[in-house]
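**Q** Provided herewith is a single structure, encoded as structure tokens, for subsequent inquiry.
The values are calculated or read from the model by the stated rules, or taken from the named source; none is laboratory data. Just so it is clear, the model here is predicted, and its values are computed rather than measured. Positions of Cβ are generated from backbone atoms using ideal geometry, with glycine treated the same way; all protein chains shown enter the neighbour counts. Just so you know, the surface numbers come from the protein's heavy atoms only, side chains and all, with ligands and any DNA or RNA stripped out. Shrake-Rupley method; radii C 1.70, N 1.55, O 1.52, S 1.80 Å.
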Amino acid sequence: MKKLTIIIPVYNAEKTIIEALESIRNNKHYEKYQDNIQVIIVDDGSKDQSVNLIKRYIEKKENFLLIEKENSGAANTRNVGLDKVKEGYIAFLDSDDTYTENFLDKVFFNLSEQVIYIYNITYVDENNSQLLLNLKEDIHREVDKEFIIKYLQNGDFIAPSVVNKIYNADIINQHNIRFMPDLKYGEDLFFNLQYLQYVQNAKLDNEALYKYNANQSSTMHTIKLEDKKYFDYLLNQLEQYIEKNEISQKYIYLMYFKYMVLIINAILKTKESFWLKWKQVNTVLNEEKMIQNIAYIDSKELNIKRKIIYWLYKLKFYVRRKKDGR
């Protein structure tokens, strides 16, 4: 039987980490797979009781390994876990999320050397409302690389997260695929784009095997205007990437647009004055690369809030053209 390694980065997760670990052991037929599962928990310098709780939990559990390190961010923390995996397959579980009870059955059934297995995510918000976050179509089949590229080009691809995918460790190690430490946001997206270069097929499964719990302290919930520099860096990396690969510019500018919307939403939720908010929002709306490439965004695919921001960028575009005499 093939081997699966689950990498769990941890930082101040004393309230959730045990539930996350339990979701692995509470899987149906866990005993059947136990000898072929390795769980690598990497603590990123937690200041709470996370490490003590983990140590007590994994005592006498030989297939659970705890690595402690100084704080250096999520990307480095996952890379430490990757460095320990020499063979088999790799999954990622965040310390405040959980797997469903049939995760292991489905994963071991679908493991394949040349295929990336992609499954759905259940998103649970603060009000306990649930929705499917990932695959938009009712898909449960194997598709080729052309299908994946088409989804990327249409901007309608699966969630860029790594937590809903199973990776081949041989591909990761052979091509030295790692998370970029300089990316505070979007490191999952870039990791996946690197990996997809070497995969010919994907198995898409509309069943939700992963439960993503909304966390107000998570990185995506603490975005502020100052973080725009990280998204700009990500865009720069993506622009370099598409020069060498067959991914459409439409995809990367749609992703960048969504990140700009996140920043604007974060600004509007602050308690600052109206005028300060408008000044900060206008800073985001004056982003030259977004104005120049707004034509790549299809407004028909956007919700009301995003359409408003889209048209504000569009207005900026027309104003620039008129000013330039075009």
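**Q** Over the chain, what is the percentage of antiparallel beta bridges among all DSSP beta bridges, to the nearest 5?
**A** 35 percent
**Q** Same structure, new question: Once the Cβ-Cβ distance between R321 and E113 is put in as r, and R0 is 51 Å, what FRET efficiency do you end up with, to the nearest 0.05? Kindly include the intermediate steps, with their values, before the conclusion.
**A** Details: r = 51 Å, r/R0 = 1.00.
Efficiency, from the Cβ-Cβ distance: 0.50.
**Q** Suppose all protein chains stay in the model; what accessible area per residue would a 1.4 Å probe give for segment 203-326, in Å²?
**A** Numbers: 7260 Å² over 124 residues.
Result: 59 Å² per residue.
**Q** Of the candidates N201, N76, N176, which one comes out as most mobile in a Gaussian network treatment of the chain with C-alpha springs shorter than 10 Å?
**A** N176
**Q** Using only helices, what value at 222 nm comes out for the chain when you add -39,500 (n - 2.57) per DSSP H run of length 4 or more and divide by the total residues, to the nearest 500 deg cm²/dmol?
**A** Working: 13 runs with 140 residues, N = 326.
About -13000 deg cm²/dmol.
**Q** Using a 10 angstrom cutoff on alpha carbons, build the Gaussian network for the chain and name the most mobile of N282, N192, N173.
**A** N282
**Q** Still on this structure, I have one more. Could you tell me the distance between the Cα centroids of segment 57-80 and segment 291-306, to the nearest Å?
**A** 41 Å
**Q** Name the shape class, rounded, prolate or oblate, that the alpha-carbon gyration tensor gives for segment 56-99, where a ≥ b ≥ c are the square roots of its eigenvalues, rounded holds for a/c under 1.5, and otherwise prolate holds if a/b is larger than b/c and oblate otherwise.
**A** Values: a/c = 1.32, a/b = 1.17, b/c = 1.13.
Here segment 56-99 falls in the rounded category.
**Q** Which one of F231, F191, F274 has the biggest mean-square fluctuation once the chain is modelled by GNM with Cα springs under 10 Å?
**A** F274
**Q** May I pose another question? Can you give me the span-like helices of the chain, meaning DSSP H runs with 20 Å or more of Cα extent along the axis and Kyte-Doolittle mean at or above -0.5? Kindly include the intermediate steps, with their values, before the conclusion.
**A** Details: long enough: 228-244 (25 Å, -1.05); 249-268 (29 Å, 1.10); 304-323 (28 Å, -0.68).
Taking the DSSP H segments of the chain (at least 20 Å long, mean hydropathy at least -0.5), we get 249-268.
**Q** A follow-up question, please. Can you give the relative contact order of the chain as a percent, counting alpha carbon pairs under 8 Å and 6+ residues apart?
**A** Details: 515 pairs, mean separation 55.4, N = 326.
This gives 17 percent for the chain.
**Q** Pull up the cross-link candidates among the lysines for K84, meaning alpha carbon to alpha carbon under 16 Å and not fewer than 8 places away within one chain.
**A** Partners found: K3, K69.
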